[in-house]
Amino acid sequence: MRVDTAARGILSVNLDALSNNYRRLAQEAAGSEVAGVVKANGYGLGAREVAACLRTAGCRSFFVAHVQEGIALRESLEDARIFVLHGLAEGTEKNLADAGLIPVLNHPDELRRYATLSLTRDQRLPAALQLDTGMCRLGFSQNEAAAIDRQDLDAINPVLVMSHLVSAEVSRDPFNMKQRDRFSRRPDVLANLPASLANSSGIFLGPDFHFDLCRPGVALYGVNPTPEQPNPMQPVVTLSAPVLQIHEIEEAGTVGYNGTYDVPAGGRIATVPLGYADGYLRSSGNQARARIAGEIVPVAGRVSMDLITLDISSLPPNSVQPGCMADLIFGSDGVDQLAKAAGTIGYEVLTRLGTRLARRYTRSGP
Ligand SMILES: *Cc1c(COP(=O)(O)O)cnc(C)c1O
């Protein structure tokens, strides 16, 4: 085994599944443009690799959160639109415009500052405008939107008006409709701009939510955007690591910190070099499952910083050896299952996946 991947976690990203998921969403949102949200390093999977793959699949618009993410992405993505969700951080306007990024303006002050920069450069710089329809996080309030100054708007090149859903994954939540209606009643000055409302789950709320552009993130990466129904997406991520050591239990005892897992004499415990410092959440201890030698086994005891322990007592003796690979995220709903075990959501599982993991980009297979 090579030193660079010996004895550590391996995060495999299936680029074919990623492309297929992009196409699946494009089909679901037929008639609308489908962008790719690649903030937080492409939800932990590697923004550069993910964006390049999506670009090849036909994606022409990308969203990041921070201007720094946009500048980094621009280096590898010359011919695509890159939107910066967090808008115009004071003092970064010039860097943002120089990199050809498109800020999502979230406040009248940002619009004014961008209009001023546009006038200074004698160039109508492109921007999106975000309206707050209920998230209460970023975006123009209804009154602020109503007061948008046409002169400021004319000074820039507004290419998109957008808003963000609060509970898109809860399909029956009446707030979805409320937000859609608020968004549809945007002020006249914004009425003719291309519009965008849906995230991953929003796409599955139906054509009324698609508008001109959809902004999926998590579904591209295989997380179920319709939690009340079977996952329409293909799994993209596999997390695995080789067994470091196997403990044959001679005397009944416990496993790991604080002895939270009992193991009888004759039991067997496999130790795997991956822990919460790698993003394998500590709350998964005694909850999550792993796959080893084709069998599903429990994570035994607490998750340590750099190690977890699996109870392989149910497997035939000698079926697992040091060096055997254990899968920690696997199967068609792997990310969602680990998230459920850890008491969180797939988004957090993905975005915590740490820098110590070796990232492998595969073209087929699991
Ligand atoms: C993160 C984000 C998205 C993508 O959301 P998913 O639920 O991952 O599809 C879309 N729009 C905005 C404003 C976001 O912050």
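Considering only GLN229, GLN321, GLN130, the mean-square fluctuation computed in a Gaussian network model of the chain, springs between alpha carbons under 10 angstrom, is largest for GLN229.
Rounded, prolate or oblate: which fits the stretch 1-81 when a ≥ b ≥ c are the square roots of the eigenvalues of the alpha-carbon gyration tensor, with rounded for a/c under 1.5 and prolate only if a/b beats b/c? It is oblate, given that a/c is not under 1.5 and a/b is not larger than b/c.
3J(HN,Hα) along the stretch 130-145: 9, 9, 7, 10, x, 6, 6, 9, 9, x, 5, 6, 4, 5, 4, 5 Hz, from the Karplus curve 6.51 cos²θ - 1.76 cosθ + 1.60 with θ = phi - 60°, whole Hz, x for Gly and Pro. Computed over neighbours whose Cβ is under 13 Å from that of PRO174, the net charge equals +2, Lys and Arg +1, Asp and Glu -1. Summing Lys, Arg as +1 and Asp, Glu as -1, what charge do residues with Cβ under 15 Å from the Cβ of GLU75 carry, GLU75 excluded? Around GLU75, the surrounding residues sum to -2. Extents of the stretch 14-164, taken as max minus min of Cα coordinates on every principal axis and listed largest first, are 46, 31, 25 Å. Label zone (ALA72, point 7 Å along Cα-to-C-beta; backbone nitrogen cut-off 14 Å) within the stretch 324-365: 351-356.
Counting only DSSP beta bridges whose two residues both lie in the chain, roughly 50 percent are antiparallel. Counting Lys and Arg as +1 and Asp and Glu as -1 over every other residue whose Cβ lies under 14 Å from the Cβ of CYS136, the net charge comes to +1. When every Cα-Cα distance of the stretch 94-228 is counted in 5 angstrom steps from zero, the calculated P(r) takes the values 2, 11, 20, 21, 17, 13, 9, 5, 2, 0, 0 percent.
Each peptide in 140-147, 113-120, 343-350 receives the mean, over its residues, of other Cβ atoms within 10 Å, and ordering these scores from highest gives 343-350, 113-120, 140-147. Amide H to amide H, with H built 1.01 Å from N, GLY9 comes under 5 Å of ALA358, counting only residues 5 or more places away or on other chains. The calculated Kirkwood hydrodynamic radius for the stretch 124-179 is 12.6 Å, given to one decimal from all distinct C-alpha pairs.
For the chain, what is Rg from Cα atoms divided by 2.2 N^0.38 Å, rounded to two decimals?
Dividing the Cα radius of gyration by 2.2 N^0.38 Å gives 1.13.
With springs only between Cα atoms under 10 Å apart, run a GNM on the chain and tell me which of PRO126, PRO158, PRO317 wobbles the most. Highest fluctuation among the options: PRO317. Proximity of backbone amide H atoms, modeled 1.01 Å from N, is registered between GLY46 and no other residue at under 5 Å, excluding neighbours fewer than 5 places apart on the same chain. Where the alpha-carbon atoms of the stretch 79-123 are placed on the principal axes, they occupy 27, 23, 15 Å, in descending order.
Starting from the Kirkwood Rh over alpha-carbon pairs, what translational D in µm² s⁻¹ does the stretch 241-347 have by Stokes-Einstein at 25 °C and 0.890 mPa s?
Values: Rh = 13.7 Å.
Diffusion coefficient, whole number: 179 µm²/s.
Computing FRET efficiency as 1/(1 + (r/R0)^6) for ARG360 and GLN287, where r is the C-beta to C-beta distance and R0 is 35 Å, gives about 0.85. Note on the stretch 173-329: Cα-Cα pairs beyond 21 Å make up 59% of the total pair count.
Given the Cα-Cα distance of ASP188 and ASP98 and 0.36 nm per residue of separation, how much length would full extension add, in nm? Before the final figure, lay out the partial values.
Details: separation 90, 0.36 × 90 = 32.40 nm, distance 3.06 nm.
Computed gain between ASP188 and ASP98 is 29.3 nm.
Taking springs between alpha-carbon atoms closer than 10 angstrom, which of ARG137, ARG180, ARG24 fluctuates most in the Gaussian network model of the chain? Top of the fluctuation ranking is ARG137.
Every read-out reported here was derived from the displayed coordinates using simple, explicitly stated rules and does not represent laboratory data. Predicted model, so just to flag it, every value in this text is computed and none were measured. Ideal geometry is used to build each Cβ from the backbone, glycine not excepted, and the neighbour counts take in all protein chains shown.
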